[in-house]
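The values are calculated or read from the model by the stated rules, or taken from the named source; none is laboratory data. Model, not experiment: these values are computed from the prediction. As a convention, Cβ positions derive from the backbone with ideal geometry for all residues, glycine included, and neighbour counts pool all protein chains shown. Surface areas here come from the heavy atoms of the whole protein model, side chains and all, with no ligands, DNA or RNA. Shrake-Rupley method; radii C 1.70, N 1.55, O 1.52, S 1.80 Å.
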Amino acid sequence: MIYKNLYIIGNGFDQHHDIQCSFLNFMEWIKENDAGLFFRLTQVYNSAWEYNWWRDFENSLAQLNINYYANKKGNLYDPEYIKDGSIEEKTEYASQKVIEEFDKIKESLRQDFQKWLSEAYEKRPKEKKIQFPSEGSIFLTFNYTKTLEDIYEIDAKHVYHIHGVIDDKDSMVVGHGLGEEELNDMLKSQELRIGEVWNKKLNRMARLSIVTPKHKELAALSSLESIVSLKKDVEGCIEKNQQFFNEIFDIERIYVFGFSFSSIDMPYLEKIIRRTKPKTHWVISWYSQEDKRRIMDFVIRYDIQNITLINGIKTISIQ
């Protein structure tokens with residue numbers, strides 16, 4: 001089939017349809033339904049108390065509290081981490097325990113995310129807000145929900161869920177987009193305070209008598225391992241949806257609705273630009289001035305020549 005219209009759908013599209021699916025909604029849900037997880041998140045992340053951390057939830061997943069990790073590994077007096085052997089063996093053991101703790105947090109967060117989104121989607125209104133062309137359109141959605149299929153009754157064979165879909169929990173992909181170089185730079189920017197540990201036996205703050213470079217190395221490597229485990233596999237998502245990218249060579253119009261233009265998702269747009277013609281007409285919706293700033297950054301960076309900006313998500317006819 002030859003497609004002429006490509007619709008790129010972001011989370012703002014679902015919010016426009018009154019689905020309570022912002023990451024701030026997720027924050028409030030966790031605070032109400034899983035306070036224990038929320039507390040643990042505030043331990044391993046510096047800013048998880050703050051709204052801004054949740055506004056940029058996926059990127060924020062890379063911002064681990066390295067000092068928390070380092071002090072955990074230095075706390076060799078904590079009964080939970082006691083192990084016979086040399087100081088290096090003790091630290092290795094503590095390192096593994098802390099990574100296991102983070103894995104539990106990660107799994108709880110994944111389960112809560114799926115449960116929250118399922119509940120939010122179940123409460124969705126059924127009203128259509130715009131009109132889509134009846135034929136000749138293909139859809140790339142960054143949402144896990146099936147708003148296009150369920151509300152607009154679009155045939156699923158024309159819809160590609162790049163990060164998975166809500167009724168296939170194992171397919172859902174959530175994560176940050178930082179590369180190895182960026183992660184290493186972030187680690188270097190955080191001072192590791194390993195010396196101060198809580199000595200439960202003495203019930204006071206004590207300074208570890210032996211602080212070797214190995215402690216700092218393990219703290220950094222363990223933190224890096226945990227952060228890498230939360231990286232979104234963008235290349236894997238592109239490969240899995242290669243059929244979509246093979247279908248868009250004849251696209252004449254690209255409509256972008258409710259999309260955040262986050263750095264995490266730029267590789268997908270770069271691939272679309274390479275697969276479509278330079279004269280392709282882009283129609284991009286914006287909601288706030290911050291949206292417009294990100295859009296213009298994208299337009300300038302990729303030299304998009306044929307563009308129309310629209311305030312809000314609405315039906316628009318482009319010839």
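If we scan the range 89-111, do we find a residue that is open to solvent by less than 40 Å² (accessible area, probe 1.4 Å), among the small types (Gly, Ala, Ser), under 30 Å from TYR255 (Cα atoms) and at pLDDT 90 or above? No, the range 89-111 contains no residue that is open to solvent by less than 40 Å² (accessible area, probe 1.4 Å), among the small types (Gly, Ala, Ser), under 30 Å from TYR255 (Cα atoms) and at pLDDT 90 or above. Looking at the range 228-256 only, could you name the residues that are outside any loop (DSSP other than H, G, I, E, B), crowded, with 19+ Cβ neighbours inside 10 Å and of a type in the set (A, V, I, L, M)? Correct list: VAL234, ILE254, VAL256.
Tallying residues that are over 20 Å from ILE9 (Cβ atoms), of a type in the set (A, V, I, L, M, F, W, C) and at pLDDT 95 or above within the range 210-260 yields 1.
One line per residue, one yes/no per condition, for (1) open to solvent by less than 40 Å² (accessible area, probe 1.4 Å); (2) hydrophobic (A, V, I, L, M, F, W, C):
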{"site": "ASN5", "(1), (2)": "yes, no"}
{"site": "ASN11", "(1), (2)": "no, no"}
{"site": "PHE26", "(1), (2)": "yes, yes"}
{"site": "LYS31", "(1), (2)": "no, no"}
{"site": "PHE38", "(1), (2)": "yes, yes"}
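Taken over the range 257-286, the criterion of being in a loop (DSSP other than H, G, I, E, B), open to solvent by 30 Å² or more (accessible area, probe 1.4 Å) and more than 16 Å from ASN143 (Cβ to Cβ) is satisfied by LYS277, PRO278, LYS279. Inside the range 26-66, residues that are more than 19 Å from LYS106 (Cα to Cα) and either touching a strand residue (DSSP E or B) at 6+ places or on another chain (Cβ under 7 Å) or in contact (Cβ under 8 Å) with a residue 24 or more places away in the chain (or both) make up a count of 1. Within the range 283-299, residues that are in contact (Cβ under 8 Å) with a residue 60 or more places away in the chain sit with their Cβ atoms under 7 Å from residues that are open to solvent by 10 Å² or more (accessible area, probe 1.4 Å) and not β-branched (Val, Ile, Thr), at 6+ positions apart or across chains, in these pairs: SER285/GLY258; SER285/GLY312; TYR287/GLY12; TYR287/GLY312.
Kindly check whether there is at least one residue in the range 118-134 that is within 22 Å of the chain's Cα centre (by Cα), part of a helix (DSSP H, G or I) and farther than 30 Å from ASN5 by Cα. Within the range 118-134, one or more residues are within 22 Å of the chain's Cα centre (by Cα), part of a helix (DSSP H, G or I) and farther than 30 Å from ASN5 by Cα. With respect to the conditions (1) within 24 Å of GLU239 (Cα to Cα); (2) surrounded by fewer than 19 Cβ atoms within 10 Å (Cβ to Cβ), ILE130 falls short on a single one, namely (1). A count restricted to the range 47-59 and to residues that are open to solvent by 10 Å² or more (accessible area, probe 1.4 Å) and closer than 16 Å to ASN25 by Cα stands at 8.
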